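The values are calculated or read from the model by the stated rules, or taken from the named source; none is laboratory data. Everything numeric in this text was worked out from a predicted model, so none of it was measured. Reconstructed Cβ throughout: ideal geometry from the backbone, glycine too, with neighbour counts over all protein chains shown.
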Amino acid sequence: MGNPLRFIGVGVVFLLFLVNTLSAQDEIIRLPLPPNIMDKTQNQMLNLKHDTVLYFLAMFFVSPDEDTGPSDKEVLISTRQLPEQIAVELRQLEVEGMTGDKVFAKVRELLKSGVANRYREIRHRSFGISDHWSEMERQLFLDDTEIWSRSRIASDVKGTVRVIYRTQRSGAEKRRAKGLPPMSVAMTLKKGSEDVRETELIIKREDGGLDWDFYVYDGDGKLAVSSLFLASSGKKETIGPAPYSCMTCHYNPNRRTFENLPRRPYSY
Ligand code: HEC
């Protein structure tokens, strides 16, 4: 027989471990939200920060608990609903003392860091977002004119030609049969060329909600974390991190959703 003290010691360590793991799973984080301004006569964009935080959190909910649903002032979120890395980041914020604006700043930082690409399978399970455009394109059947409308435009935000595909209502049945959610695809062409500079996608979430997700493939066809835009102020090209910059232009302040069609007039 070994030393009974040692046996007890190991038991205690194991118990601590168990308690620690269980409580980590169940920990509730209380996140204050940026103010939610309901006055429609005011600048409606004032709700963008608030809605960005909720949009970010909803990227991770597989099935949100009733009692942790969004409120106007704060959201209670169980760490069990979040990927470990995100839970750690938010818990850290809790330690530092939180305000709605600090929560927004953290969410913006995470949204700019490619977090949406990393966890894309949570919101897009049945329809996988591939690492490479060539693989993605194979699933889309862009040549099928029943599913897709196609237009070629001179884009102000890109300063060059864009070819835009959008799933159309009349082809919804056929689209669903191919396992495709509603979406828009925009291919931006290099100036004076038919080569694609970047391909951007906006895909409806598969949970029946109103929000859409944003993805970019670069000129080599790799899933990327940003694309290029012309700043509204001048004609200077600027880097827009996805999905954060996408969300600023593709926000519908009346419905308070992030969608495929941009807000007009846009500014960011
Ligand atoms: C500066 C504002 C702005 C930003 C930032 C922006 N968009 Fe857009 N987006 C537009 C505008 C305006 C259009 C309409 C087409 C055009 O004029 O180029 C559009 C159209 C689109 C379309 C076609 C939608 C349709 O069905 O007609 C897609 C796809 C798209 N954007 C994806 C993205 C993605 C992905 C990002 C982020 C990487 C993004 N956009 C960021 C303004 C913006």
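Here is a yes/no grid of residues against (1) more than 11 Å from the ligand (Cβ to nearest atom); (2) crowded, with 17+ Cβ neighbours inside 10 Å; (3) part of a loop (DSSP other than H, G, I, E, B):
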| position | (1), (2), (3) |
| --- | --- |
| 215 | no, yes, no |
| 223 | yes, yes, no |
| 227 | no, yes, no |
| 247 | no, yes, no |
| 255 | yes, no, yes |
| 263 | no, yes, yes |
Practice item. Taking the options 190, 235, name whichever one is at pLDDT below 95 and either closer than 21 Å to residue 128 by Cα or more than 23 Å from the chain's Cα centre (by Cα) (or both). Key: 235
Check your understanding: Quick one: what pairs do we get from the range 148-168, first residue in contact (Cβ under 8 Å) with a residue 12 or more places away in the chain, second aromatic (Phe, Trp, Tyr) and near the ligand (Cβ under 9 Å from one of its atoms), C-beta under 6 Å, 6+ apart or different chains?
Key -> 148/165; 150/165; 157/229
